[in-house]
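Student: Supplied in structure tokens, the structure appears directly below.
Quick note: the coordinates plus some simple rules give every number you see, no bench work behind them. Values in this document were obtained by computation on a predicted structure and should not be read as measured data. Note that each Cβ is placed from the backbone with ideal geometry, even for glycine, and that neighbours are counted across all protein chains shown.
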Amino acid sequence: MTTTESESEAARWSTHIRPIGFLVAVLLLAIVAASVFLGSETSRRFNDMKTSWIGYADEAGRKSVWISDIRGHFGYGGMIHNFKNYVLRQDPAYRSTMKRDFANLYRTIDAYASSNPTERERVALFAIRDVARVYERQIDRIDSGISRQLDAEAIDAHVRVDDTEALAALKELELIWQEQNASHVSRVVGAISEGEQLTGWVILVVTGMAALVLIIFGLLHQLVRHSLDATHQLFRELFERKRAQDAEKKLARAVEQSPSTIIITDVNGRIEFVNRKFAELTGFGPQEAIGKRPNLLKSGHTTNEAYRQMWEMLKAGREWRGIFKNRKRDGSHYWASTAILPLLDDEGAITNFIGIGEDITEKKMVKEQIARAQKMEAVGVLAGGVAHDFNNVLMAITGNVQLARMGVEDGDSPAEIDESLGHIDLAARRAQGLVRQLLAFARRQPTRSRPIDLHDHLEATIKLLRAAIPTNIALSVAGSAPGLVVEADPTVMDQIIMNLCRNAAEAFGGKAGNIRLSLSVAEAGSKEASELLPSCEGNVVRLIVADDGPGMPEPVRQRVFDPFYSTKPIGKGTGLGLAVVKNAMDDLGGAIALETEPGEGTRFTLAFPLIHGEVPERMAPAELPRGHEAILLVDDEEDVLFTLRRMLTRLGYRIDAYSDPLLARQAFEADPGRFDILVTDMMMPNMNGTELIEVLRQIRPDLPVLLCSAYHTEQGDMESERIWRVEKPVDMAGLSEVLRQMITSGNTR
């Protein structure tokens with residue numbers, strides 16, 4: 001090649017090299033610029049991730065704690081819960097706890113408010129604080145209500161607070177917190193997404209810059225540095241998570257090692273967890289209990305209705321507390337004081353039920369032993385009081401019997417003899433009333449309520465009372481009017497009136513005084529009626545028994561309705577009089593109130609619902625219905641048998657009387673068609689009344705029966721069973737009326 005050709009080739013390569021060099025330079029500059037840009041963007045994205053993560057972990061975490069504390073101090077597990085319990089139970093412990101809740105709540109709100117919150121957060125915080133201050137101001141009103149001895153319902157009506165705005169504000173704070181969390185998470189996710197895209201570009205650039213080691217090294221250095229920062233941040237987050245897990249483990253150990261039994265079920269009642277104490281106490285281990293229902297502990301001592309009501313409360317989100325007698329795995333039993341609570345999620349939905357039980361078997365046995373000892377002590381007090389009252393009754397009966405006999409022998413006037421008989425009748429009624437008190441208090445004597453005219457009944461009872469009350473005590477009735485009809489057992493009403501008047505007379509201690517009775521009506525819907533008997537929607541009959549005696553001190557007033565409590569000397573009273581009156585008023589759907597002060601007398605106010613009903617007419621003694629039917633009379637008491645036979649014979653009936661039910665059965669078997677009615681006692685030796693009725697009705701199923709006994713535990717359906725009942729002691733009027741009703745209703749041939 002010539003020199004010219006060489007120069008020409010060199011010029012040609014020179015012409016090509018220049019643009020290539022220029023392109024290489026541009027490419028290098030572009031690569032450098034791209035590397036710088038990608039590095040800068042990567043750094044910015046990691047900074048965004050760091051900032052967002054710090055905001056999410058720091059700010060959101062602190063606000064989460066504050067909101068949780070506000071809910072705990074303010075909500076139904078904190079201040080509001082203690083506020084309600086203080087109103088209902090009036091325990092000073094709830095007041096102290098509530099004061100601490102207020103202080104903690106204000107401290108948390110101040111901390112939140114000092115963290116530069118948004119305007120929405122500030123408004124919500126102040127709304128919660130304002131309602132809390134309203135609750136706090138109500139404490140003095142609760143204290144005032146307690147000092148005035150108002151009941152929980154009245155206090156609640158005065159201190160009720162509308163906390164709707166505060167609860168809405170609390171939900172607003174949670175919503176703001178959730179929105180801020182979502183914003184932080186969105187930024188983190190966005191930064192990560194963009195970082196992923198940048199990472200792809202970096203990989204492409206690194207691949208194209210294989211020869212540019214220094215630039216690649218610088219980029220890797222930058223990436224490693226940011227990676228180390230992110231790793232350090234993640235390490236801190238993992239450390240916090242481990243600390244939370246450790247706290248959960250401590251809680252799990254506390255639950256597992258709790259001295260109380262703990263059981264957790266799902267919403268369908270399937271057991272998901274039982275702790276160690278549950279397994280030790282019941283004998284059912286986790287493998288045997290999990291997946292089953294708590295009814296594996298059922299012993300049969302709790303009714304299905306009680307279980308149904310419990311589940312209704314729990315599914316409604318309410319707590320249930322009670323005592324179960326549960327069955328262990330080995331068949332033995334134990335008593336458990338149990339609290340069952342629904343567990344709620346953040347939206348208030350029930351996720352589980354947790355039951356916490358305390359074994360109270362030993363405590364219950366100790367209480368039963370104490371109760372038995374107290375019962376024996378009460379029996380001793382009762383025996384002395386009954387003996388005293390019955391001796392007085394027997395004194396009146398035997399004394400007047402002797403006076404009546406002497407009057408017949410000495411030729412006294414019929415009026416004088418009738419006066420002695422009247423005192424005998426009164427004493428017998430007092431004995432009957434005392435027996436009724438004992439049976440009613442023991443819940444073995446049913447009542448037979450019917451419409452009675454309280455005005456007429458009061459006048460008749462007062463006539464009997466005048467003979468039993470000392471003459472230096474004036475007994476007066478005022479303000480009564482006929483037509484005041486109430487639903488009551490006449491004998492129970494006699495007990496109420498006589499107990500109150502006799503107690504008032506005994507309170508004078510032999511001194512002169514006045515006992516005043518008055519009847520009036522409170523109109524339906526009036527304030528007076530609602531105060532007397534809140535449960536009654538109609539008119540209310542008010543009976544007042546007042547005296548101007550010595551009154552009662554406060555300790556006596558507080559216990560005056562307690563059974564067996566008496567201020568009389570031992571053997572001078574049973575301590576049941578006013579307890580029976582209180583129980584009787586409850587059974588009648590009425591109410592009784594007491595007002596008394598030492599030296600100011602005593603005033604009992606009785607309230608009855610006024611009813612619209614016809615009062616059965618009382619039959620005059622001269623109009624006693626008579627009969628001629630044949631009656632088989634059976635009673636193991638010879639005196640009672642003699643009296644009943646004479647009464648029935650006087651009424652015209654033909655009587656075959658037997659004191660032995662076996663002999664009565666033989667007489668009936670000999671001629672079943674001879675008898676129209678069986679009149680029998682209940683409690684007899686060899687064969688009781690129920691057994692006698694069954695035996696005779698196997699022979700003659702249509703035999704009408706009149707059961708005459710000292711008490712009856714159930715009424716039964718008289719028409720379907722064709723069994724009528726009268727209670728001893730029965731008078732001739734009552735006996736003749738029942739027999740005639742049996743005859744006219746078709747229960748005899």
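Student: Put +1 on the Cβ of each Lys and Arg and -1 on the Cβ of each Asp and Glu in the range 261-359; which of S299, A339, I264 then has its Cα farthest toward the positive end of the dipole?
Tutor: S299
Student: Note down the magnitude of the dipole of the range 223-317 about its Cα centre, charges +1 on Lys and Arg C-beta and -1 on Asp and Glu C-beta and zero elsewhere, to the nearest 20 debye.
Tutor: About 120 debye.
Student: Next question. Once you place label points 7 Å from the Cα toward the Cβ at V26 and E487, how far apart are they in nm?
Tutor: It works out to 10.8 nm between the two label points.
Student: So, one more: By average Cβ neighbour count within 10 Å, what is the ranking of 239-245, 602-608, 168-174, 534-540 from highest down?
Tutor: Numbers: 239-245: 10.1, 602-608: 22.3, 168-174: 18.0, 534-540: 15.9.
Top of the packing list down: 602-608, 168-174, 534-540, 239-245.
Student: Please compare each pair in K63/K84; K527/K582; K298/K328; K298/K325; K249/K292; K277/K328 to a cut-off of 19 Å on the Cα-Cα distance and tell me which ones are over it.
Tutor: In this structure, K63/K84; K527/K582; K249/K292 lie more than 19 Å apart at Cα.
Student: Place the peptides 292-300, 102-110 in order of packing, highest mean first, counting for every residue the other Cβ atoms within 10 Å and averaging per peptide.
Tutor: Descending mean neighbour count gives 102-110, 292-300.
Student: In nm, to one decimal, how far is the R148 label point from the V65 one, both placed 7 Å along Cα→Cβ?
Tutor: 4.5
Student: Report the full-extension gain for the segment I290 to A474: residue separation times 0.36 nm, less the Cα-Cα distance, to one decimal in nm.
Tutor: 58.7 nm
Student: Separate question: For a Förster distance of 41 Å, can you work out the FRET efficiency between the beta-carbons of D587 and T351, rounded to the nearest 0.05?
Tutor: 0.35
Student: How much FRET efficiency would the formula 1/(1 + (r/R0)^6) give for E600 and N116, where r is the Cβ-Cβ distance and R0 is 56 Å, rounded to 0.05? Please list the in-between numbers first.
Tutor: Values: r = 67 Å, r/R0 = 1.20.
Efficiency, rounded to the nearest 0.05: 0.25.
Student: I've got another one for you. Take the Cα atoms of the range 64-106, find their three principal axes, and give me the spread along each one in whole Å, biggest first.
Tutor: Principal extents (Cα only, largest first): 34, 16, 10 Å.
Student: Gain in length, D266 to E358, computed as 0.36 nm per residue apart minus the alpha-carbon separation, to one decimal in nm?
Tutor: Result for the pair: 31.0 nm of gain on full extension.
Student: Please work out the FRET efficiency for the pair A670 and Y307, using the Cβ-Cβ distance as r and a Förster radius of 60 Å; give the result to the nearest 0.05.
Tutor: On the way: r = 56 Å, r/R0 = 0.93.
Efficiency, from the Cβ-Cβ distance: 0.60.
Student: Can you pull the one-decimal nm distance between simple spin-label points at R225 and K527, each 7 Å off the Cα toward Cβ?
Tutor: Using points 7 Å along Cα→Cβ, the separation is 8.4 nm.
Student: Starting from 0.36 nm per residue, how many nanometres of slack lie between S183 and S449 once their C-alpha separation is accounted for?
Tutor: Difference between extended and current length: 88.4 nm.
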